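The next block holds one structure in the form of structure tokens; read it before the comments.
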Amino acid sequence: MMNNDNKISNQTKLFGYIGEHAGVSRFSAIINKMFKENNDDVMMIPMNIREDDLYFTVSNMKQSHVNGAVISSEYVTDVVEIVDNASSIAKRSGMCDIIYREGETLRGDVFSMRVLTEHLKDLYASKIAIIGTNHYAKAFSFLACGFNVSYFNDSLEELLAFTQEVDISDADINRIASDLEVDFSDFDAVLDFSSMNDLSMIKQLGKNNFDMKNTKQFSALKKRADELNGSYTSYDDLLDKLTKKAYSLIK
């Protein structure tokens, strides 16, 4: 059981929260409060890691006392190449946002997209628009059973290749570009997984609008939501649900 001073003993199970600005995020503070409230001898340590030091830090976890780590969004594609084993969804999407030390090996998995799909179900969202074809779009697509999903990207060729990669037949694919006005008002949720820096072509947003950007990252979706007085939910806005999921996985 953790004491009131939050001291670490030899028996304390340690996890990391790895990000470029991990110390700024409330992730560790929230989950550590949960550990303390439940008398768990577990602690999460925020680890501010520069990109140049990421490989060294993660690979050396195999011989450390740290039992695993949650990975901030900016590093989820880098880490999947460092782990020794990965779940099917991590391999196929090309990302992992949680890693576990198993002996002297590391196993990677995806948990944030499971949280997002559960949250969308809680919102009774059915009709979903996804912008982009990155790792988050792939991971979500593998978990999207039960949703009516339409896909948007600036390159239709990339979209066609994407739908083949994630095994979607008869996909609703659409081009999104600066010269085309887009109306998402019929969608229950819009998920921006693109690298687009300008979404001014969007004239109406969905009922709910998400990306996985943290507060230190520029969000074109947030900018457009502010301009249109629309809703916007970031990675940090989902921290309560993300930490609850991470707690159950770590526990």
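Summary of values
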{"quantity": "Heavy atoms of Ser141 accessible to a 1.4 Å probe, total area in Å² rounded to 10", "calculated": "20 Å²"}
{"quantity": "Net charge over other residues, Cβ less than 13 angstrom from the Cβ of Leu238 (K, R count +1; D, E count -1)", "calculated": "-1"}
{"quantity": "Cα-based Lys pair tally, the stretch 74-204, threshold under 20 Å, eight or more apart or on separate chains", "calculated": "4"}
{"quantity": "Angle between the chain longest axis and helix 156-165 axis [Cα atoms, degrees, rounded to 10]", "calculated": "50 degrees"}
{"quantity": "On Cα atoms only, tilt of 27-37 relative to the major axis of the chain in degrees", "calculated": "50 degrees"}
{"quantity": "Structure-based [θ]222 nm, the chain - -39500 (n - 2.57) summed over DSSP H runs of at least 4, per residue, nearest 500", "calculated": "-9000 deg cm²/dmol"}
{"quantity": "Those chymotrypsin sites (Phe, Trp or Tyr not before Pro) in the stretch 205-238 that DSSP places in a loop and that have at most 16 other beta carbons within 10 Å", "calculated": "Phe218"}
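The values are calculated or read from the model by the stated rules, or taken from the named source; none is laboratory data. What you are looking at is a predicted structure, and each value in this text was computed from that prediction instead of being measured. Using ideal geometry, Cβ is built from the backbone for each residue, glycine included, and neighbour counts are taken over all protein chains shown. Each accessible area value is taken on the protein alone, full model and side chains, heavy atoms only, with ligands, DNA and RNA left out. Shrake-Rupley method; radii C 1.70, N 1.55, O 1.52, S 1.80 Å.
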